[in-house]
Amino acid sequence: MASLGSLPFVIETKAESCVLLHCKNHHRPKFTHFSYKPRKSLEATCLHELTCGISLRCDGRRQLWRIKRVRSSDSEEGVGDVDTEDTLQATIEKSKKVLAMQRDLLQRIAERRKLVSSVNSNHPDKISYEERNDSLQNQDVASSTGSMEPGQILPSEAGPYGVDSSQQLKKADSEAVWSDALPSFLSRNSETTSVKDKQDKDSKNSSLLVESGASDPVIEDVQPPPLAGANVMNVILVAAECAPWSKTGGLGDVAGALPKALARRGHRVMVVAPRYGNYAETQDTGVRKRYKVDGQDVEVIYFQAYIDGVDFVFIECPMFLHIENNIYGGNRMDILKRMILFCKAAVEVPWHVPCGGVCYGDGNLVFIANDWHTALLPVYLKAYYRDNGLMKYTRSVLVIHNIAHQGRGPVDDFRYVDLPENYMDLFRLYDPVGGEHFNIFAAGLRTADRIVTVSHGYAWELKTSEGGWGLHNIINECDWKFTGIVNGIDTKDWNPQYDVHLTSDGYTNYSLEGLQTGKPQCKAALQKELGLPVRPEVPVIGFIGRLDHQKGVDLIAEAVPWMMGQDVQLIMLGTGRPDLEQMLRQFENQHQDKIRGWVGFSVKTAHRMTAGADILLMPSRFEPCGLNQLYAMSYGTVPVAHAVGGLRDTVQPFDPFKESGLGWTFDSADTNKLIHALGNCLYTYREYKNSWEGLQRRGMMQELSWDHAAVHYEEVLVAAKYQW
Ligand SMILES: Nc1ncnc2c1ncn2[C@@H]1O[C@H](COP(=O)(O)OP(=O)(O)O[C@H]2O[C@H](CO)[C@@H](O)[C@H](O)[C@H]2O)[C@@H](O)[C@H]1O
């Protein structure tokens, strides 16, 4: 038995073959593919809506396929044969349901309209920014003293407080686009059609007898039932960077990959990021909105692309354009204003941006904000909307990728974020370093429904005064909603078997089976490309990362004299602190035949180094998760890392007696300890080839994909959803 939404279907077949169920009404057609034996009922679930129409197509043979619709209450046994009366009955039942749903929707609209007009009658149509501010503050006070009605909404046009319920409802009247403002399960069912359209479509759906052979050949797109099952929800990940469009480090990788894994579990997933450049894949949605930033109205344009099951929405405005190489550049105020604008515009995306024709809506929705740059989003969600009876079913999760950057400023910065006075306490923080100050990360952590960080080790460290960078007390207070989930990797982008950067210049793709030939070929290609002596026996040591205090580049620098006494080659790729960049260049100049210091950001080189190096150094002082060691291991490159944060979680130390483990770790950020670990590593590389290969193989055989982490994220999203 197959089921479409809550309506089950039986597919009856007469010959062995395969068919496709095609949900025509869905804005983005999805297919379910069945292989089957003659006269057998089939199990399948359509991901689409209750109201989707379907048609059957077969694989080219001239067979007559039949599909029968039955009532959801029917038992399986009673539905074996095709019966037009039953089909008709099922259609009538379905029509009734649709009509009931539409009635319910119309009633809700009427109620909302009443509410809006009563609010409008108390407020002039156009109120100034300051008036809105007062109004918000007053309502906030009213709310907290209990005089505000539940569900009461703000009387604004899309502006600093963004919610334009009245506008939306007026528009709904004429254009029937009210789905934007409704909970998503209603919005999507309603799409943008009228009741009559629905009925028309419904009646069309009753003709379910399809002759095969006339249609296109089968193009398979296997869609099993959603892995998330009943937990399927709408998820919007908001981040300041998103690979491949924008990336300064690991956050970009996560924003580009985690959403795809969540989508694979059946969630409807969107990523919202600034549009820093002219991204070819994206289309102008035609949606333009204005938001207040530092008293100025700033217009944003929403662009959109649908890739690998994920809606990518990019927010364009002159503040973002052409800074892709300097995303976090500019002075403190510039960055703050960009992030304020970004968060204000992002939180309203589910209302304004129709992805595939249909907005996400604010029901059954969870935002995933990332780091301090988007930590204002949970605050705006609460202050502008949820405190005012809007977005009642929307939740937020804040992910900590790096606590070292917090959006700190003087207390006076509070005036830029356009929030009611009583919100100041969320931002206020005192610590011995910053004194009393304004802290955006603090406010986000306090406001989000759930907090995640990117490994268990880092989750523990964040609660200590050394690891929490002044936010440990807040994190300890929030322990009940705080969890660690180790990052995954994008196994499409970062996979030696398919890596697009290994297809030219002498490099080659390789898998576990081809490790012994493929990896040496990549090593030779890397040595050649960088102008180092092409010597297969010499260990190539790599470092990739931001050149800053976190990554422990200075520890490598201190170890360079020792390393140069060894027969090794060292390749370092990074950008960051000018003094460390200069140091890289200097090392290369001093040791032309042994060191390459590549100052720059090159994704291609990072991939090629990961494939061609034997060893990856990660002496990070702190490392929330670390992706490079995960990439390295999956390419058969052995990590030598400081056992901290996610590195401790993911690099199990080599045990020569048990022939277990994945690399070498050292327990404090100390040059001698680095040298000791690297020394053992080099000794094993040279003297114990089998052990070395074992290390490589164990690394490559790990399941490091995002699919695993996505299950844990889903648990957090569900917990957030039921958080009141
Ligand atoms: N010069 C360069 N050229 C090309 N590519 C370069 C590069 N420098 C860095 N990269 C790439 O940027 C990414 C860095 O990711 P990491 O997770 O190692 O660190 P980052 O500190 O940025 O991320 C933070 O967020 C991530 C994600 O949660 C955490 O894993 C991490 O611990 C935390 O510090 C990798 O994809 C790496 O290849």
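Structure notes:
- The residues packed around Asn473, meaning those with a beta-carbon under 12 Å from its beta-carbon, carry a net charge of -1 if Lys and Arg are +1 and Asp and Glu are -1.
- Inter-centroid distance (Cα atoms) of segment 529-591 relative to segment 603-633, Å: 13
- Whole-Å distance, taken between Cα centres, linking segment 253-285 and segment 437-503: 20
- Phi-derived couplings, Karplus 6.51 cos²θ - 1.76 cosθ + 1.60 at θ = phi - 60°, listed residue by residue for segment 485-490: 10, 5, 4, x, 10, 7 Hz, with x used for Gly and Pro.
- A cut-off of 5 Å between modelled amide H atoms, ignoring neighbours fewer than 5 places along the same chain, links Met618 with Val640, Ala641, His642.
- Sequence-distant residues sharing a close amide H with Thr575 (under 5 Å, placed H): Gly545, Leu547, Gly600
- Cα gyration tensor category, rounded, prolate or oblate, for segment 514-703 with a/c compared to 1.5: rounded
- Along segment 578-583 the Karplus relation, 6.51 cos²θ - 1.76 cosθ + 1.60 evaluated at θ = phi - 60°, assigns HN-Hα couplings of x, 5, 6, 4, 4, 4 Hz to successive residues, with x for each Gly and Pro.
- Sequence-ordered 3J(HN,Hα) estimates for segment 360-369 from the Karplus curve with 6.51, -1.76 and 1.60 and θ = phi - 60° stand at 5, x, 10, x, 6, 10, 10, 8, 10, 8 Hz, glycine and proline given as x.
- Distances between placed amide hydrogens fall under 5 Å for Thr483 paired with Ile451, Val452, Thr453, all partners being 5 or more residues away or on another chain.
- Order by protection proxy (mean Cβ within 10 Å, highest first), peptides 530-536, 702-708: 702-708, 530-536
- In the context of the full set of protein chains, segment 229-484 has a per residue accessible area of 31 Å² (1.4 Å probe).
- Approximate spin-label separation Glu558-Val603, in nm, with each point projected 7 Å along Cα-to-Cβ: 3.6
The values are calculated or read from the model by the stated rules, or taken from the named source; none is laboratory data. None of these values were measured; they are calculated from a predicted model. Glycine gets a Cβ as well: all are built from the backbone with ideal geometry, and neighbour counts include every protein chain shown. Accessible surface is based on the protein model in full, side chains and every heavy atom, while ligands, DNA and RNA are left aside. Shrake-Rupley method; radii C 1.70, N 1.55, O 1.52, S 1.80 Å.
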